[in-house]
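Just so you know, all these numbers are worked out from the coordinates, no wet-lab data involved. Only a predicted model underlies this, so the values are computations on that prediction, with no experimental measurement involved. Neighbour counts are summed over all protein chains in view; Cβ atoms, including those assigned to glycine, are modelled from backbone coordinates with ideal geometry.
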Amino acid sequence: MSQAIVAKTAVSLTTLRKPLANITFLLSLFPYLTLLKVPWDIQPWALIFALAYLALMLIALKFRTSFPGPLLILILATLYGISVNLIYITLDQLDVSIMLRRLAGYVTIITIAFVAANEHRNIWSGWLFIAVLFWLGAAVAQKLFGSNFIALLLPRVSTNIHRGIVSLAPEPSYYAVQMGFFMLLNEIFRQERRYSDILYQCILLLCIVQLFLSLSGTGFLILTLFVGGKVLSLKQFMLKACTIIFLVVATTIFIIIPAELPKNPRICTIINEIKYVIIGEKSIKSLLEDRSIAYRLINPIVGFYGGLAVSRGIGFGWGRITEEKFPEWLIVLLGPYRYSGGKPVGEWKWGGTIMGGIVAIVYELGIVGLLYISVIFWLMFRTLAKKTITHEILIITLILMFGGFVSLAHPLLGYLIGLYMVRATPDGKKGAL
């Protein structure tokens, strides 16, 4: 009798799988909204429901839940990170607040990737359209009533008259990143025939409109890469050739036009600098002096050199405190750039954390971190080789992950990794990413 009750309870619990997965996905579409003030930009609500889903699966299936092989590697790497941090804690060399924030990011990737790998087929695609409309509505409201219109629901709002609006994100660049994720999901749902081509085109158009509303260099880059990926994905040679010729002609016309764009917003300044570099009026150094561009280029150097050479392959953990300053050659390379904390480059010390996207994993976990990102690289290119992914999805995923544009704690990052796991492994579920 008791076994029958246990079996019935397990069946009842498994009925909660789909609702929990859909709630997790929905919260992932609004990663910054919160009624409680959590001292992080990415809020933990999607993570909490993903943990609930994981606990449900383990209990209902009596711990016989299967994990994709690549996910097990990421779990072991995270356990390594916990071990390293425990050592640094005993040596009193760790900033606990940074450790907790970074740990949340690693756990988010694992749990939400697990949800995506098991439940993506049960996720209602309509959530994406609803989310795009809400983000657009918030953007329009901010345009009409000011950037503080819904500030109470966000951890912070960082913008000014020279920058774009933030919608439901703390910064315009975060807004652009969110639209990048939405465009990826839109491509995925379309390939899976979850909705009509008309709805696909509508969502794509609304995302592009919002990329322009963000007035962010990140948005400009995402849109450029998306168009480039679309061109690469064209199957007809003549259509691909004509598209490339059109883009070359359009770029040439832009270059020879003498008038420059207004200096504000800042994206226009960046475009002007690109133009001057192309026509030879300025050197590429002037473009690299832009702080945002410099951070994107410098952080991979700091991440790989620090995590593999300076830490001797062990990694600095999640917020280790050291007194070791950057070497002179690296300070010279970094030049006049300043850290977000306001410290001059000459005062930078190894440890803490960096804004390097997934590259930060190497900085924190050393050689194990290199294995971690190698697994993700393998998943993406294995999926491309199996022709279950298009070029624009791969290219934008790469730039979001490795360009330092997205936090590890962003739930949609974990969701994408979970989808790559399903499509890349030999026993993965059928479907096109």
**Message:** How large is log10 of I(q)/I(0) for the stretch 104-223 at q = 0.11, 0.23 Å⁻¹ when the intensity is taken from the Debye formula with one equal scatterer per alpha-carbon?
**Reply:** -0.41, -1.26
**Request:** Would you mind giving the three semi-axes, in whole Å and largest first, of the ellipsoid equivalent to the stretch 29-127 according to its Cα gyration tensor?
**Result:** 26, 20, 11
**Asked** Spin-label point model (7 Å from Cα, Cβ direction): what's the Arg193 to Leu79 distance in nm?
**Response** 4.2 nm
**Item:** Extended-chain gain in nm, criterion 0.36 nm per residue less alpha-carbon gap, Ser97 and Ala52
**Value:** 13.8 nm
**12 Å beta-carbon shell around Leu185, net charge (K/R +1, D/E -1)** = 0
